[in-house]
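As structure tokens, the structure follows; a few thoughts come after it.
Every number here is computed from the coordinates shown, using simple stated rules; none is lab data. Keep in mind it's a predicted model, so treat the numbers as computed, not measured. Ideal geometry is used to build each Cβ from the backbone, glycine not excepted, and the neighbour counts take in all protein chains shown.
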Amino acid sequence: MKPVQHEFEDAKDLLHESFGNSVLRHLIYSVGKDTSHAVERDWCVALSMAIRDRMVEGWIDTTRQIYEKKQKRVYYLSMEFMIGRMLEDSLTNLGHLQEARTFIEAQGLNFHDVLHAEQDAALGNGGLGRLAACFMDSMSTTGVAGMGYGIRYQHGIFRQNMENGWQMEEPEDWLVQGNAWEFRRPEVVYDINYGGFVETSDDGKAEWKPSERVQAIAFDMPIAGWKGAHVNTLRLWSARQADLMNLKKFNEGDFMASAHQQILAETLSKVLYPGDHTPEGRELRLKQEYFFTAASLQDLIRRFFTNYDSLDNLGDHVAVQLNDTHPAIAVPELIRTLMDDYDYSFERAFEITRKTLHYTNHTLLPEALEKWPKGLFEHILPRHLQIINMIDGAFYQEALKVGLEHNVIANIQVIHPHQQDWVRMGNLAFIGSRKVNGVSALHTELMKQTVFHDLHTMFPDKIINQTNGVTPRRWVLECNPGLSDLVTEKIGEDWIDDLEQLKKLEEFAEDAKFQKRYMDIKSDNKKRLAEFLEARIGITVNPDAMFDIQIKRIHEYKRQLMNILEAVALYNEMKANPSAPWQPRVKIFAGKAAPSYFLAKVIIKLISDVAEVVNNDPEIGDKLKVIFLPNYNVSAAEVLIPGADLSEQISTAGFEASGTGNMKFALNGALTVGTLDGANVEMQEHLGEDNIFIFGMKADAVAERQHRRARPSEVIKDSQRLQQIIGQLESGFFSDGDTGRYRDILDNIKNHDYFQVVPDFEDYWATQRHIDEVYQKPSEWAKMAILNTARMGWFSSDRTIRGYAKDIWKTPTI
Ligand SMILES: *Cc1c(COP(=O)(O)O)cnc(C)c1O
């Protein structure tokens, strides 16, 4: 090893050239341009490569140290990683941001434009994918030997364009210009099999004879933590055809046949499935899940054998975290590997698996708990289906022993013994894992009471809570430099990786001078946001109005509908009393709807329609503006969140597992209007009841109304406001006389209203008017906002990761 070490030290010397020289060297020799021809994008790539070189030092150090110390490794398997842009993050974490700015400005360029020449890596739908990205940052920051595993989608989440107020989906080609962060690892490649049948030999040993094979090839991205000391890896798998091109067919002129196989293989890493809490995309989706899970397990076992020689104690040295059920196929896959490749008995293989895997649940929505038609499963993964049957057999015996009844057991097995149509991935993940965690206190409690009630009785120590968090590097330090500077000036910079230090700001909450500086920063952020809106959609807003923002995936349970109905009610009231002293508001919405989720798309259309009427009403002017900002993503969030006064977290209680948008807003000094749902409950505990606006039914009241199918009409008959709004939607007031456009929305709120928009509406309205009053007392508002920043420190994803490390992974942190 010595000579290698020596060469590495030489390489480090080479990097002791100035940062600027590194950038220039990369511009010329990696990008192939000179300074007079380089465009912003070229500088962005050169900068990225220069900082990447400096990350590689820590990367190699980290890897060597983990090997030497035999540190327990954590593997985070996630179908989604919504990392966004990487350049600013990397420059910040390595401490080169100022140097880079000075250098780029000296070239006569705008630093912001250079940073923004990078495309978002949008390999996720929403919160679940963003959580995985925050966790990567926090695992590096806290020194966890953590590796992320996912799919290198050629097209991440679709780009949302608006046509006439309707969402249009377009493919996002984020890789066309190359990805400066990734290292292609052509030597790290695994076969992934599908289909075929299982042959059992005389001695009872099974052999899977697959009919289809693709290869998974690794692409690595280094992820540096705060100060860059510890650098972990995000390894994303790309699919390619396993066998060489069929040259015979090609030479015979059948180009299509030879291309066919390649296209089929590559489809696996082509697109991120754009669903959000809706089950679809069947066969390809199942194949994708198996694709990245099987590749990741093969990879971690190969690495395991560089340190150990028996898989007996795999779980002592390796912890695998399954982010939702998408990688739950890991349960039978690990058992299969242990049995078929390493000759373990089923019992031992099952035992080892249950000491290695851990599962994070993200939803209680029954329709969102993944399940696969058994026939499809058998067709694609016949050996895995056999193993699932063995799991069910063994589990049945366990459950009998603890005294469960046959019919209770049937409901919690992976496949129901009498209704054999589905393979239920939630049950599989639960049964195959050592720990199962929820993502907020309320969600974990509801998990115990609802979806996993019987499994919880059987394994009372298995379910634990780890409330989500967000990384303060991206979500304060980078997106809100004004606030970051003020905080650092007051309390030093330790808060950046010890966020509870923000508590020290409490003493300034009523200090008039501090309030002014704090609110001046908010005001600058609002101006920046106003310019962004102007540039993106050409709407001018008054930065002195209250900025009221709801940005997240569009879904009935998130209740964008309630928010836009409240906007209509406000508009109506303003029209009725034009001279009343209305608090001016800008209501901003952004978010994507799953392409097949028609109702969500109509909600977007309704928002656009209301915007059209309200924004063009001269009598309303700057008192009310309604905005739908297209193509919400991480980079948009970084501008929207620091510019918010009010954060809308208004989901139907019991339906938002945690939320993380809620945390980003409060940290940046927006006050929350919200229900007692997800992590809002814990936010209220940390902030104090006086510093958050809570309204609406609690989870138990919601469940009770849903259970007895309470009719919305009972409530509507007492609400003048709702009656007026319904009348307007029915008459075509917002839809150019089209009386049918909102038919589904109307049917919903008048007849079913499963998500309880109607019964929560009046309380929401009243709370909003109370918020108007508080906003008109600037010093009171400022005090509350400061206390939000000061008291949100607990919601750092560093705290979450330390919790996982201690309670689930049993691995040290620094
Ligand atoms: C934080 C974040 C989310 C999650 O928002 P919720 O309000 O918790 O649903 C979704 N998308 C992006 C781009 C985010 O940054």
Reduced to Cα centres, the span from the range 495-528 to the range 788-810 in Å works out to 22 Å
Which entries of 69/435; 72/205; 527/777; 575/777 have Cα-Cα distances beyond 27 Å here?
72/205
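Counting Lys and Arg as +1 and Asp and Glu as -1, each charge on the Cβ, what is the dipole of the range 534-693 about the Cα centre in debye, to the nearest 20? Don't jump to the answer; show the numbers that get you there.
Details: 14 positive and 20 negative charges, 127 e Å.
Its charge dipole is roughly 600 debye.
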If the chain between residue 176 and residue 731 were fully extended at 0.36 nm per residue, the gain over the current Cα-Cα distance would be 195.1 nm
Ranked from highest to lowest mean number of other Cβ atoms within 10 Å per residue, what is the order of the peptides 306-315, 264-273?
264-273, 306-315
Highest first, please rank the peptides 627-638, 735-746, 412-423, 603-614 by the mean number of other Cβ atoms sitting within 10 Å of their residues.
603-614, 627-638, 412-423, 735-746
Short to long, in 20 Å steps from zero, the percent of alpha-carbon pairs of the chain per bin is 15, 47, 32, 5, 0
Can you compute the FRET efficiency between residue 101 and residue 187 using 1/(1 + (r/R0)^6), with r the Cβ-Cβ distance and R0 = 45 Å? Round to the nearest 0.05.
0.75
Sequence-distant residues sharing a close amide H with residue 437 (under 5 Å, placed H):
359, 360, 361, 464
State the extension gain, in nm to one decimal, for the chain segment bounded by residue 200 and residue 39, taking 0.36 nm per residue of separation less the distance between their alpha-carbons.
51.8 nm
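Using a simple charge model, +1 on the beta-carbon of Lys and Arg, -1 on the beta-carbon of Asp and Glu, nothing else, what dipole does the chain show about its Cα centre, in debye to the nearest 20? Mind showing how you got there, number by number?
Working: 90 positive and 117 negative charges, 116 e Å.
Magnitude of the dipole: close to 560 debye.
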Taking +1 at the Cβ of each Lys and Arg and -1 at the Cβ of each Asp and Glu, which of 188, 153, 140 sits farthest along the dipole of the range 135-205 towards its positive end, judged by Cα position relative to the Cα centre?
140
Mind listing the phi-derived Karplus ³J(HN,Hα) values for the range 282-293, rounded to whole Hz, using 6.51, -1.76 and 1.60 with θ = phi - 60°, and x for any glycine or proline?
1, 4, 4, 4, 4, 5, 5, 4, 5, 3, 7, 5
For the range 391-536, size of Cβ-based charge dipole, Lys and Arg +1, Asp and Glu -1, in debye:
240 debye
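Can you tell me which of 291-300, 661-670 comes out highest on packing, and rank the rest after it, using the mean Cβ neighbours within 10 Å? Let's see the in-between values first.
Working: 291-300: 23.9, 661-670: 28.0.
Output ranking for 291-300, 661-670: 661-670, 291-300.
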Which is farthest toward the positive dipole end of the range 416-489 among 430, 463, 480, measuring Cα position about the Cα centre, with Cβ charges +1 (Lys, Arg) and -1 (Asp, Glu)?
430
Which whole-Hz ³J(HN,Hα) couplings does the range 530-546 yield from phi under the Karplus relation 6.51 cos²θ - 1.76 cosθ + 1.60, θ = phi - 60°, glycine and proline marked x?
4, 5, 4, 5, 4, 5, 6, 10, x, 9, 8, 10, 8, x, 8, 6, 6
Going Cα to Cα from residue 33, which aspartates and glutamates come in below 17 Å? Please leave out same-chain ones fewer than 8 positions away.
42
Unit charges at the beta carbon, dipole of the range 679-814: most positive-side option, 808, 789, 694:
808
Sequence order, the range 115-130: Karplus ³J(HN,Hα) from phi using 6.51 cos²θ - 1.76 cosθ + 1.60, θ = phi - 60°, Hz rounded, Gly and Pro as x, gives 4, 8, 6, 7, 7, 5, 7, 9, 8, x, 8, x, x, 4, x, 5
Non-local residues with an amide H under 5 Å from the amide H of residue 146, with H modelled 1.01 Å from N and Pro and chain starts lacking one, are 74
For the range 665-814, the Debye formula with one identical point scatterer on each Cα and no solvent gives log10 I(q)/I(0) at q = 0.09 Å⁻¹ as -0.46
Distance in nm between label sites at residue 209 and residue 110, each 7 Å beyond Cα in the beta-carbon direction?
6.5 nm
The range 157-273: projected area of the alpha-carbon convex hull, averaged over directions, in nm²:
14.5 nm²
